[in-house]
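The values are calculated or read from the model by the stated rules, or taken from the named source; none is laboratory data. Predicted model, so just to flag it, every value in this text is computed and none were measured. Don't worry about glycine lacking a Cβ; one is built from the backbone with ideal geometry, like all the others, and counts go over all protein chains shown.
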Amino acid sequence: MHLSSVILFSGVASAVSLGCAGDDPWSSDSNQNFESRSHELSDDALDSLLADDELGAAAHAPVASVAGGYDDARASERASAEQRHCRRRVRRLRRIIGDQDYELAEAPYVRPSLFVLGQALAFDKELSGNRNISCMSCHHPTLATMDDRHLPLGQGGIGLGIDRRGGDVIPRNAPALFNMAAHKTMFWDSRVALNDRGQLVTPAGAELTPEMQETFEFGVVSAQAMFPVTSNEEMAGHPGDNEIADAASVTQVWERLMLRLGQIPTYRYLFENAYPGTSFDDMTFAHAANAIAGFEVAAFTLTESPWDRFVRGDNDALTHAEVRGALAFFDAGCNNCHGGAMFSDFEHHNTGQPQFGPGKGAGQGGFDDFGRAGVTHDSDDLYRFRTPSLRNVELTAPYGHTGAMRSLEAFVGHYSYPETSLREYDIVAQVNERHLWSTQVDNVEAVLERLDPAVLELRRIRPRRIASFLRTLTADDADALDEFVPPLVPSGLPVAD
């Protein structure tokens, strides 16, 4: 799509296209001298000449306010030069992305019977030890597949999103579930991943048997769904609460959950319908996890955004301001970590993020979080976390592994001066969950000592411009997913939190 404006000249209205494709709106001889000079100017120089603010009024707003006070020829020169310069930027952007794969793959096929089973399981609190939380409580479709919180409130909580109260505080921000089939690893520390030999690596080790893995149709996504049910704080509850929390191993957790599900006739039917030829009694929790993954992959793979249309060749898909934002993103070097169709390298980096919340049992008092090092036990991985995808990032605030930044502009701005940003971080200003204010960990120097060099090599971060581009990664229907919330689930437990 492109921005259109109506400019009034001496009482005559002219429709002017401000998109980055199409012919110039005017071709007056009076433009030629100005136009020829504009081709020699840098982006910054022309911006200074044309723009009334950082983004340039003509790039994103009606031009009537800009044209006032200019005669017809001068206004024509300005608009024509802006159009030509916009096309130059489009050509440069296409050269940048030309040899890289920025086109999202479609979702893998998910048979309807598997989708129906996965949807029921994802929303059913029967999978939690105390029957008080579902997978979707922290990844709700109406909340862009997350929970709008800095840190989630797990089992024992009541309510949804920012209205949720009580429950165990989870140490890391809830990741969104968009386009998961394209993910190479799962969780902030990639504790579920495929190794260099294509073998699945998970916290369960040998307990996740080869027979279970053969059930998985969606790789790491299927494997990921095995683990939230085993966490005391997330879903299982605490020893003494219930038979799931009292299990002696993850294997026993999975077995006891299948016993629960097997007592519900509707689930026995749904499982056997989703896996024809296999009796429910021969199934494991891997069949449940695989179904949940199938639902997530089918429901939340979204491939139609302004950026996707631009990648496919539509020069009018982005406004001028968004093209400039894209160039600011690539010129700064953001794509070194946030590249490719998912805008993530799925590697681990220490970007200097604040630490607060209950932590992961690391450091003094156990309130620190060592990130990837908690999995690898390698000191080189201290404070490194997986690069999140930027798909639909506009909708998935707050940002960072603790949800430390409230706004997209603030999070992008952190990378301008990461050391200063971390040292001067104001948790009261950024975090609206008051119970977290007193939990900030004094690990600033330890984090900065290991700051990823790639962060320091970023060049001229422009938060507003880059944020304007990042919003083009929002899929058209990413904020309209309520259709995937079922009215009821087989257990009869309430779907609402």
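Worth pointing out:
- Condition check for residue 491: in contact with a helix residue (DSSP H, G or I) (Cβ under 6 Å, 6 or more places away or on another chain), farther than 30 Å from residue 362 by Cα, of a type in the set (Ser, Thr, Tyr) and not in a loop (DSSP other than H, G, I, E, B): no
- Scanning the stretch 273-283 for residues that are in contact with a Phe, Trp or Tyr (Cβ under 9 Å, 6 or more places away or on another chain) and crowded, with 19+ Cβ neighbours inside 10 Å gives 274, 283.
- Residue 366 under 18 Å from residue 446 (Cα atoms) and more than 22 Å from the chain's Cα centre (by Cα): yes
- Check on residue 122, surrounded by fewer than 18 Cβ atoms within 10 Å (Cβ to Cβ) and of a type in the set (A, V, I, L, M, F, W, C): no
- For the stretch 234-250, the condition holds for no residue, the condition being that it is more than 30 Å from residue 359 (Cα to Cα) and outside any loop (DSSP other than H, G, I, E, B).
- With respect to (1) exposed (fewer than 15 other Cβ atoms within 10 Å of the Cβ); (2) under 23 Å from the mean Cα position of the chain (by Cα); (3) part of a loop (DSSP other than H, G, I, E, B), the lone exception for residue 425 is condition (1).
- Residue 163, sole failed condition from (1) in contact with a Phe, Trp or Tyr (Cβ under 9 Å, 6 or more places away or on another chain); (2) farther than 18 Å from residue 402 by Cα: (1)
- Residue check, residue 478 in contact with an Asp or Glu (Cβ under 9 Å, 6 or more places away or on another chain), crowded, with 19+ Cβ neighbours inside 10 Å and part of a loop (DSSP other than H, G, I, E, B): yes
- The one condition in (1) at negative phi; (2) buried (at least 17 other Cβ atoms within 10 Å of the Cβ) that residue 95 fails to fulfil: (2)
- Positions within the stretch 72-94 being among the basic types (Lys, Arg) and in contact with a helix residue (DSSP H, G or I) (Cβ under 7 Å, 6 or more places away or on another chain), in sequence order: 78, 84, 89, 92
- Any chance residue 180 is under 18 Å from residue 495 (Cβ atoms), crowded, with 21+ Cβ neighbours inside 10 Å and in contact with a helix residue (DSSP H, G or I) (Cβ under 9 Å, 6 or more places away or on another chain): no
- The requirement of being within 30 Å of residue 229 (Cα to Cα) and assigned to a helix (DSSP H, G or I) is satisfied by residue 297.
- Failed condition for residue 459, given (1) assigned to a helix (DSSP H, G or I); (2) in contact with a Gly (Cβ under 9 Å, 6 or more places away or on another chain); (3) surrounded by fewer than 21 Cβ atoms within 10 Å (Cβ to Cβ): (1)
- Residue match in the stretch 157-165 (condition: outside the structural domain of residue 367 (by TED's automatic domain parsing), part of a loop (DSSP other than H, G, I, E, B) and at positive phi): yes
Listed here are the residues, each with its yes/no results for (1) without any contact (Cβ under 8 Å) to a residue 60 or more places away in the chain; (2) outside the structural domain of residue 347 (by TED's automatic domain parsing); (3) part of a helix (DSSP H, G or I); (4) closer than 30 Å to residue 340 by Cα.
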residue	(1), (2), (3), (4)
155	no, yes, no, no
171	no, yes, no, yes
175	no, yes, no, yes
181	no, yes, yes, yes
190	no, yes, no, yes
212	no, yes, yes, no
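- For the stretch 323-338, the criterion of a residue being under 20 Å from residue 418 (Cβ atoms), of a type in the set (Asp, Glu) and in contact with a strand residue (DSSP E or B) (Cβ under 8 Å, 6 or more places away or on another chain) is satisfied by no position.
- Unique match (being of a type outside the set (Lys, Arg), in contact with a Leu (Cβ under 6 Å, 6 or more places away or on another chain) and part of a helix (DSSP H, G or I)) among 409, 419: 419
- Criterion applied to 270, 318 was being buried (at least 20 other Cβ atoms within 10 Å of the Cβ) and in contact with a Cys (Cβ under 7 Å, 6 or more places away or on another chain), and the one residue passing it is 318.
- Residues satisfying the stated conditions in the stretch 368-382, i.e. within 18 Å of residue 202 (Cα to Cα) and either in contact with a helix residue (DSSP H, G or I) (Cβ under 6 Å, 6 or more places away or on another chain) or in contact (Cβ under 8 Å) with a residue 24 or more places away in the chain (or both): 371, 372, 373, 374, 375, 381
- Residue count, the stretch 103-154 (criterion: on the phi > 0 side of the Ramachandran plot and not polar (S, T, N, Q)): 3
- Test: residue 202 is surrounded by 15 or more Cβ atoms within 10 Å (Cβ to Cβ) and under 22 Å from residue 340 (Cβ atoms): no
- When residues in the stretch 278-332 are screened for being acidic (Asp, Glu) and more than 20 Å from the chain's Cα centre (by Cα), 5 of them pass.
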